[in-house]
Every structure is written in structure tokens, then in C-alpha cells.
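J.: Just passing along the structure, written as C-alpha cells.
Every read-out reported here was derived from the displayed coordinates using simple, explicitly stated rules and does not represent laboratory data. As the structure is a prediction and not an experimental result, all values here were calculated from the model. Cβ placement follows ideal geometry from the backbone for every residue including glycine, while neighbour counts extend to all protein chains displayed.
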Amino acid sequence: MKKAFYIFPLLVALGCGKSDTPAPGNTGGPVGTFAGSFMYLHKHSKTGVVDTVKANIILSMQPAVGFKVTGDTSTVHAGSYGTCIVNSTYGVIDFMDSTFPATGTPAKTHLNGVYQYAYDGTTFQLAAHGALDTTAWLYNLKRTGN
């Protein structure tokens, strides 16, 4: 578990130092259905203890349609859908979740905001971190269909 938390800043750092020149959106990337694990990591600032919650999810991504999250959405991760912009030049995807509440804090995690990604045609990984690097959202998915 500790290894995953220490590897995460490395994943984030790989996306840093890029030019501020905007790249075109929707430049390719993952399309199809992916299944696997979602992990939310939280490092307590005072104790250094890392709490982890997990869920198995299914993520469908289709051009001109958007994305949809299904699977184990009962407690940890919200079932949701929306649009996304894939920028393969910078290795980021901006998810705009149509079910994300306009106000307040959602009870479950939503796939919403900018995530770094890695995709090799089979394995699809997403990562994002929160304020002060004390939280991380990690998705480790495998392609299961079109």
C-alpha cells in the first residue's frame, strides 16, 4: 500500500514541466469498455497513516458519446456519465460528470476533473491527487470490449 502512495507523486511528476502551449483536445486515446479497480488513498497529515478504500468499476468511453461509470457503485464510487476531452499529447483526460452535484460535497467519488492517464491498448490507468498531496484517486483498468 505504501508503495502505491509513493509511486503516485512520480506519476504526477511525469506530467509536469510541459510547455504552457495549449494542445488540441480529443487527440486520440482510450476508447471502449474497461473494468478493474478504483482506489481512493488518504494520508493523514498528523499520523502519516494511509487509509484506502476500493471498488471494482466498469468505465465505458465512446467518441462523440462520452463516458459512463458502472459496476460496484453502491458505496465508494458513484455511477455516473458525462463528457470528456482526451489530450493524448499531454496524457490527460478532463472528465465532466453530468451527475456531479452543483453544490456541496458528494457522498461518493465521481470521475470528474483532470486525470493523468497511461494507456497501452489494453491497460488503462488514471491518476489524480488532491490538495497537499494527501489524497489520491487511482484507477487500474483493463480493456474488456469495444
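J.: Just order 71-77, 37-43 by mean Cβ neighbour count inside 10 Å, highest at the front, would you? Display every interim value, and only then the final one.
T.: Values: 71-77: 15.7, 37-43: 18.0.
The packing order, highest mean first, is 37-43, 71-77.
J.: List the trypsin sites (Lys or Arg not before Pro) within the range 46-146 that fall in a DSSP loop (any state other than H, G, I, E or B) and whose Cβ has at most 10 other Cβ atoms within 10 Å.
T.: Passing sites in the range 46-146 are Lys46.
J.: Can you give the percent of C-alpha pairs in the range 41-146 whose distance is more than 22 Å? Can you show the working numbers first?
T.: Numbers: 1750 of 5565 pairs.
For the range 41-146, the fraction of Cα-Cα distances above 22 Å is 31 percent.
J.: While we're here: Using amide H atoms built 1.01 Å from N in the peptide plane, name the residues 5+ places from Thr135, or on other chains, whose amide H lies under 5 Å from its own.
T.: HN-HN under 5 Å from Thr135: Lys43, Gly130.
J.: Run down the aspartates and glutamates and flag those whose C-alpha is under 15 Å from the C-alpha of Lys43, throwing out any fewer than 8 positions away in its chain.
T.: Once the sequence-local aspartates and glutamates are set aside, what remains near Lys43 is Asp51, Asp133.
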